[in-house]
Amino acid sequence: MNSKNCTTNAELRQYIETEILPRYDHFDKAHQRSHAEMVISQSMELARRFYVNPDMVYAIAAYHDTGLVEGRELHHEASARIIRSDQRLRQWFTEEEVEVMADAAEDHRASAAHAPRTIYGRIVAEADRYIDPETIIRRTIQFGLDHYPTLSRDEHYRRMLQHLREKYGREGYLHLWFPDSPNALRLEQLRQLIEDEGRLKALFNGMLPMEPSVEGLLSTLTTSNVG
């Protein structure tokens with residue numbers, strides 16, 4: 001099935017939009033509904049290149065981070081379990097298709113030790129790696145504020161820099177599964193930014209005050225430094 005010539009099932013979309021995507025509203029700021037919607041959009045765009053089932057691509061992208069409800073460390077495995085246990089999906093997919101979808105969700109994580117097992121896994125993994133330098137930096141700041149609220153401003157910067165180098169740097173663990181995708185060019189742009197600490201620090205300083213939870217954090221830090 002060539003997804004370029006197909007649309008997704010309306011009942012499936014309604015189920016996901018009403019029952020699945022709202023789950024992201026309870027996750028950290030870097031994994032809100034807007035992130036899931038971005039992964040869906042990028043996945044569907046990539047799927048146009050291949051003979052795949054667009055309903056499967058859509059569902060995998062929608063479910064890929066639902067496992068965050070159990071915590072971040074093994075969320076990819078939890079997402080796979082959620083797909084396998086969702087009986088409503090059997091309205092639209094066979095057991096074999098559900099298993100492929102679960103494997104793809106499990107394989108999406110950037111730090112996975114192995115390549116995605118199927119084209120579906122590669123599509124969603126690549127879409128989840130949508131690389132826009134400013135967006136990635138903002139999400140990294142947001143994650144730090146949510147999970148490490150007691151860090152100082154300098155500590156937030158150092159945490160961000162370490163994460164960017166470990167994941168996106170030239171020796172980082174992130175892999176692109178489609179070398180000719182727009183991600184490849186954007187990754188090079190991001191790497192150049194990471195290597196230019198003057199530009200990176202200026203971008204960090206410009207973004208941090210814009211975060212809604214930062215004013216209280218900065219106020220606390222300022223007060224604690226008095227005297």
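Scaled against 2.2 N^0.38 Å for its residue count N, the alpha carbon radius of gyration of the chain is 1.09. Taking the C-alpha atoms only, the angle from helix 153-168 to the longest principal axis of the chain is near 40 degrees.
Just the number please: accessible area per residue for the chain, 1.4 Å probe, all protein chains included, in Å².
50 Å²
Rg over Rh for segment 119-168 works out to 1.08, using Cα positions for both radii and the Kirkwood form for Rh. Residue ranges 121-132, 167-178, 35-46 sort as 121-132, 35-46, 167-178 when ordered by packing (mean number of other C-beta atoms within 10 Å per residue, highest first).
Each of the peptides 143-154, 96-107 was scored by the mean count of other Cβ atoms within 10 Å over its residues; in descending order, highest first, they stand as 96-107, 143-154. Axis of helix 214-225 versus longest Cα principal axis of the chain: the two differ by about 30°, to the nearest ten degrees. So how far apart, in nm, are the two label points at HIS175 and ARG48 if each is 7 Å from Cα heading toward Cβ? Reported label-point gap for HIS175 and ARG48 is 2.7 nm.
With the Cα gyration tensor of segment 71-131 giving a ≥ b ≥ c as the square roots of its eigenvalues, does the rule (a/c under 1.5 for rounded; else a/b larger than b/c for prolate; else oblate) give rounded, prolate or oblate? Note, shape of segment 71-131 comes out prolate.
Of the residues TRP177, GLN91, GLY71, the one whose Cα sits farthest toward the positive end of the charge dipole of the chain, with +1 on the Cβ of Lys and Arg and -1 on the Cβ of Asp and Glu, is TRP177.
For segment 69-203, the share of alpha carbon pairs falling in successive 10 Å distance bins from zero is 11, 35, 32, 17, 5, 0 percent. Placing unit charges on the Cβ atoms only, positive for Lys and Arg and negative for Asp and Glu, gives segment 1-107 a dipole magnitude near 360 debye about its Cα centre.
Expressed as a whole percent, the accessible surface of the chain that belongs to carbon and sulfur atoms is 49, based on a 1.4 Å probe. Annotation for segment 1-75 versus segment 79-95: alpha-carbon center distance of 14 Å. For the chain, the longest principal axis of the Cα atoms and the long axis of helix 182-195 meet at an angle of about 20 degrees.
The values are calculated or read from the model by the stated rules, or taken from the named source; none is laboratory data. Computed from a prediction, not measured in an experiment: that's the story for all the values here. Heads up, the Cβs are rebuilt from the backbone with ideal geometry, glycines too, and the neighbour counts pull from every protein chain shown. Quick note on the areas: whole protein, heavy atoms, side chains included, nothing else; ligands and nucleic acids left out. Shrake-Rupley method; radii C 1.70, N 1.55, O 1.52, S 1.80 Å.
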